[in-house]
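Okay, structure first, notes after.
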Amino acid sequence: MSHDWLQGSADDLAARVPDGAKIAIGVDTAGVAMETTRALIRRGARDLHLVCAPMAGLAADLLIGAGCVATLETSAITFGEYGTAHRFHDALKRGAIKLMDATCPAIYAALEAGAKDIPFIPLRGLIGSDLAAHRPDWKVIDNPFGEDDPILLLPAIRPDYALIHAPYADRNGNLFIGRRRDLVLMAQASRQGALATVEEVRDVDLFSSEETAAGTLPAIYIASTAVAVRGAWPIGLGDHYEVDEAHFRRYAELARTADGFARYLDEFVHRRRQAAE
Amino acid sequence: MNVSRQELLIHTVAGLLLPCRSVAVGASSPIPGAGALLARDWAAREIPSRRLFLTILGSRRHNSMTSGGVELFDMAAQGRLDAFFLGGGQIDGEANINLVGAGGTYPQTAVRWPGSFGSGYLYYLVPRVILFREEHTRRVLVPKVDFISAPGPRNDGVYRPGGPIGLLTNLCWFAFDRARRRFVLETVHPGHTVEEVHDNTGFDFDGAADVPTTALPDATALAAIRGPIARQIAEAYPRFVAQVFPNAA
């Protein structure tokens, strides 16, 4: 099959992302586009504004460590049970990135505003926190429909692209995502849509049944797609493969130092053939 | 009967959650997750059987949401989430919590933690927030946090139907008195003393000099924790279960 929406590799997707772009990445359970992340590093992307929807792990640590990120907007950077984000911590200490610390629902709400293309959205909570104190782009107003009810406004987030990974695309480029609806929000909020990798393209039509249609991200929200087998590796992908714990242990050791991290990039990012095995 | 620290905490969490209809457990929280699974198991054994809706973030099987990550926060806003767990690198005596970092000048803090997660929202909205932090030291339980990820309850006119009911640590359970904005020592875990709690707590708190001991799980609860509960939480926290319950599989 030949399709205009289907590119040869994740590197073709990464080539579309200009320096300075605002890109959204998702949580480890949502389908992380790790191969596209590695391709962005291979491309030497710079000055990215990384929006973690609403937090991220290894993908963010890699991009930060490789010097691709100027601004980081997130609610957390965490590997969960699998170690510490040393490159994130190092970049913060050096003042190498601008940090926009948030809370998860603030990023979700701002993306929802982005998907509606409205300029801002109100959100409960946050007032009186140091998160709000350090975000001059957030504003507190009096609820115009109530009395004595202060509420916080968040500016909309519209990334240029969302980077996502899904189990498969159908023959028309629709993606099966199951209930990982974060991917829908990320794709819809993005001006250009999602750059999607998939494990495979299947010669089926996801809209032929309500059961599959309900778990589908329609192709209209997708800018471009490429096949990347085990494209979320070393993070797991739903029912398809588990997290590669041994690899995370290796990363945790190497990423402690800048030299070790450079060796990691040489071995697992720049030589991608071996990494995929 | 030998009860481990983790087993006591799981059992205590389950007791705190038992009145709930709906519970969610956030990131990096295997003990709260296991406690919630035990509470759900107890609710199911009531006559008539009662459902406890449970979502453990990071789990596919124990996740009763279908609208993406935003659903947890919308559910909290709708008043449909009774309990949630929050921790912190620092917690102070007014129940302000810090999940961001300590020392230095923000954002270049001397120590950096992952970040605030959902705390800056859920702390205001969920009626039974359980503060959970295993380490009970003066470095964690401080007079005043260096950064407020989420403020403790205060009379500032901000919409706040939620807040903390207390703080569970390796040493004790403190209830939180929202009107007085102070922690109250309620029970001390077996093998520990009130004096030890004072020595290791950096903030002032209330409570009698002689407080009860935290209840131990009975044999039935212990068997459940070590068997089916450990196996269920292993889906989201395999490393925790491998370390703490190596015989569960």
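The values are calculated or read from the model by the stated rules, or taken from the named source; none is laboratory data. Keep in mind that this is a model prediction, so the values were computed, not measured. Positions of Cβ are backbone-derived with ideal geometry, glycine not excepted, and every protein chain shown enters the neighbour counts. Just the protein is used for accessible areas: all its heavy atoms, side chains included, with ligands, DNA and RNA removed. Shrake-Rupley method; radii C 1.70, N 1.55, O 1.52, S 1.80 Å.
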Mind counting the residues in the range A:8-38 that are more than 14 Å from chain B (Cβ to nearest Cβ) and either modelled with pLDDT under 95 or part of a loop (DSSP other than H, G, I, E, B) (or both)? 10
Quick check: is even one residue across the range A:58-67 assigned to a loop (DSSP other than H, G, I, E, B), more than 7 Å from every other protein chain (Cβ to nearest Cβ), surrounded by 17 or more Cβ atoms within 10 Å (Cβ to Cβ) and modelled with pLDDT under 95? no
With the requirement that a residue be among the small types (G, A, S) and part of a helix (DSSP H, G or I), what does the range B:27-39 give you? B:G33, B:A34, B:G35, B:A36, B:A39
Can you find even one residue in the range A:97-104 that is within 9 Å of chain B (Cβ to nearest Cβ), over 21 Å from the mean Cα position of the chain (by Cα) and more than 22 Å from A:Q188 (Cα to Cα)? no
Filter the range A:79-92 for residues that are at pLDDT 95 or above and within 8 Å of chain B (Cβ to nearest Cβ); which is most open to solvent (accessible area, probe 1.4 Å)? A:H89
Tell me, yes or no, whether the range B:54-70 has at least one residue that is away from chain A (no Cβ under 14 Å) and not small (G, A, S). yes
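I'd like to check something: does the range A:82-95 contain any residue that is small (G, A, S), in a loop (DSSP other than H, G, I, E, B) and within 25 Å of B:Y124 (Cβ to Cβ)? Walk me through it before giving the result.
Of the residues in the range A:82-95, the ones small (G, A, S) are A:83, A:85, A:91, A:95.
So of that shortlist, the ones also in a loop (DSSP other than H, G, I, E, B) come out as A:83, A:85, A:95.
Now drop any that are not within 25 Å of B:Y124 (Cβ to Cβ), which leaves none.
For the range A:82-95, residues small (G, A, S), in a loop (DSSP other than H, G, I, E, B) and within 25 Å of B:Y124 (Cβ to Cβ): absent.
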At least 2 residues that are of a type in the set (A, V, I, L, M) and open to solvent by 10 Å² or more (accessible area, probe 1.4 Å) in each: list the helices (runs of 4 or more DSSP H) lying fully within the range A:188-273 that qualify. A:245-254, A:258-264
The condition from (1) over 30 Å from A:Y82 (Cα atoms); (2) in a loop (DSSP other than H, G, I, E, B); (3) open to solvent by 20 Å² or more (accessible area, probe 1.4 Å) that B:P217 misses is numbered (3)
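Could you run through the range A:140-187 and say how many residues are among the acidic types (D, E), open to solvent by 20 Å² or more (accessible area, probe 1.4 Å) and under 19 Å from the mean Cα position of the chain (by Cα)? Don't jump to the end; show me each part of the working.
First, the residues of the range A:140-187 that are among the acidic types (D, E): A:142, A:147-149, A:160, A:170, A:182.
Cutting the leftovers down to open to solvent by 20 Å² or more (accessible area, probe 1.4 Å) gives us A:142, A:147-149, A:160.
Subsequent filtering for residues that are under 19 Å from the mean Cα position of the chain (by Cα) retains A:160.
Of the residues in the range A:140-187, 1 are among the acidic types (D, E), open to solvent by 20 Å² or more (accessible area, probe 1.4 Å) and under 19 Å from the mean Cα position of the chain (by Cα).
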Complete set of residues in the range B:46-72 that are buried (at least 23 other Cβ atoms within 10 Å of the Cβ) and either touching a Phe, Trp or Tyr at 6+ places or on another chain (Cβ under 6 Å) or not hydrophobic (A, V, I, L, M, F, W, C) (or both): B:G69
Over the range A:39-57, the set of residues within 14 Å of chain B (Cβ to nearest Cβ) and either aliphatic (A, V, I, L, M) or open to solvent by 10 Å² or more (accessible area, probe 1.4 Å) (or both) is A:L50, A:V51, A:A53, A:M55, A:A56
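List the strands (runs of 3 or more DSSP E) inside the range B:111-180, counting only whole elements, that have at least 1 residues being free of Cβ contacts under 8 Å to residues at least 24 places away in the same chain and of a type in the set (A, V, I, L, M, F, W, C). Reasoning before the result, please.
Details: elements: B:128-132, B:164-168, B:172-177.
Strands (runs of 3 or more DSSP E) meeting the threshold: B:172-177.
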Do you know which residues across the range A:105-131 are at the interface with another protein chain (Cβ under 8 Å from one of its Cβ atoms) and closer than 24 Å to B:N155 by Cα? A:P105, A:A106, A:L123, A:R124, A:G125, A:L126, A:I127, A:G128, A:S129, A:D130, A:L131
Output the residue which, of all residues in the range B:235-249 that are modelled with pLDDT under 95 and part of a loop (DSSP other than H, G, I, E, B), is most open to solvent (accessible area, probe 1.4 Å). B:N247
Hits in the range A:119-139 - residues which are among the hydrophobic types (A, V, I, L, M, F, W, C) and open to solvent by 70 Å² or more (accessible area, probe 1.4 Å): A:F120, A:A133
Looking only at the range A:140-187, which residues are of a type in the set (D, E), part of a loop (DSSP other than H, G, I, E, B), more than 9 Å from chain B (Cβ to nearest Cβ) and without any contact (Cβ under 8 Å) to a residue 12 or more places away in the chain? A:E147
